[in-house]
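Take a look at the structure below.
Derivation of every value follows stated rules applied to the coordinates shown; laboratory data play no part. Since the model is a prediction, treat every value here as computed from it, not as a measurement. Note that each Cβ is placed from the backbone with ideal geometry, even for glycine, and that neighbours are counted across all protein chains shown.
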Amino acid sequence: MSNTLPPGQFELDIFPRFGLSQYANRFPTDIEDFKVTLGGDEIEDVDLSKAIAEFPRVEQKSDFHCVTTWSKSGQVWNGIKFNDFFDAIVKPRFNDPCKLMFVVLHAQDGYKTGMFLEDLLKDNVMLADHLNGEPLTIEHGAPIRLIVPEHYGYKNLKHLKRIEFYSEKKKVKQGFLSFMDHPRARVAKEERAVGGPGWFFRYLYRPLIKGTVKEFEKAMQKYRSA
């Protein structure tokens, strides 16, 4: 955890459920008996749920930085290291794992994102199922999510369902909003989006925070009361 927030970020006193508006009323469908599948070049689907449960567990404290400029510092995550998972599960299933360079991750709610494998193999990247000593809630990505502390929140995919590994970069987002999906989204470099400097997008995104928090809170209340 850093003592100083990255460029353009401010500390938020809550840790809200947050995202693109079209996902406010989308929720994971499998919380208890969930499945995580593995796919991509050269391999067929493999169910990873039980295998993930057998890995050594780790705990780390790290900050969470939303691309819209809010941050929540010092969150304690518990789960397994992504690089342990990759070495034990992914590598043996590829003829030449050294050629792998890009990963597409899918969520139960339909969201997806892409990351370069070299970023995912850093030692502080996790597949987490606990936050601050408690099992993940729906708000924070239950039943299992990706934690990549050096990248903006939209790369920290929630409700993980499927992981695909490729030997070439894939185009994950389509249409007008694809400008919002930087291929790396590193916080330290302020890679908020494509097509402009990171500081510019601070002023585009920040006014959206309050309304988005309210929208997701309303959707969550409706979900709980259903």
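Averaging the Cα positions of each part gives two centres, and for region 38-59 and region 129-149 these lie 17 Å apart.
Helix-derived [θ] at 222 nm for the chain: sum -39500 (n - 2.57) over DSSP H runs of at least 4, divide by residue count, nearest 500?
On the way: 5 runs with 38 residues, N = 226.
Mean residue ellipticity, 222 nm, calculated: -4500 deg cm²/dmol.
Roughly how big is region 36-101's charge dipole about its Cα centre, with Cβ charges of +1 (Lys, Arg) and -1 (Asp, Glu), in debye to the nearest 20?
Working: 8 positive and 11 negative charges, 74 e Å.
It comes to approximately 360 debye.
Across region 122-226, the convex hull enclosing all Cα atoms gives 157 Å³ per residue.
What does the charge count near LEU177 come to, summing +1 for each Lys or Arg and -1 for each Asp or Glu among other residues with Cβ under 14 Å from its Cβ?
On the way: positive: LYS112, LYS171, LYS173, ARG192; negative: ASP181.
Net of charged neighbours comes to +3.
Restricting the GluC sites (Glu not before Pro) of region 1-75 to loop positions (DSSP other than H, G, I, E, B) with no more than 16 neighbouring Cβ atoms within 10 Å leaves GLU32, GLU42, GLU54. With semi-axes defined as the square roots of five times the eigenvalues of the C-alpha gyration tensor, the equivalent ellipsoid of the chain measures 26, 21, 18 Å, largest first.
Taking amide H as placed 1.01 Å from N in the peptide plane, the amide H of HIS151 sits under 5 Å from that of VAL187, each at least 5 places away or on another chain.
With a cap of 13 neighbouring Cβ atoms within 10 Å, and only residues DSSP puts in a loop, list the trypsin sites (Lys or Arg not before Pro) found in region 37-76.
Details: sites: LYS50, ARG57, LYS61, LYS72; in loops: ARG57.
Filter output for region 37-76: ARG57.
Farthest towards the positive end of the charge dipole of the chain, among the residues SER62, GLY79, VAL36, is the Cα of SER62, using unit charges on the Cβ of Lys, Arg, Asp and Glu.
Charge tally for MET220 (other residues, Cβ to Cβ under 9 Å; Lys, Arg +1; Asp, Glu -1): +2.
Could you tell me what a quarter of the Cα convex hull surface of region 69-156 works out to, in nm² with one decimal place?
Values: hull surface 25.3 nm².
It is 6.3 nm².
How far, in degrees from 0 to 90, does helix 209-225 lean away from the longest principal axis of the Cα atoms of the chain, to the nearest 10? Tilt of helix 209-225: around 60 degrees.
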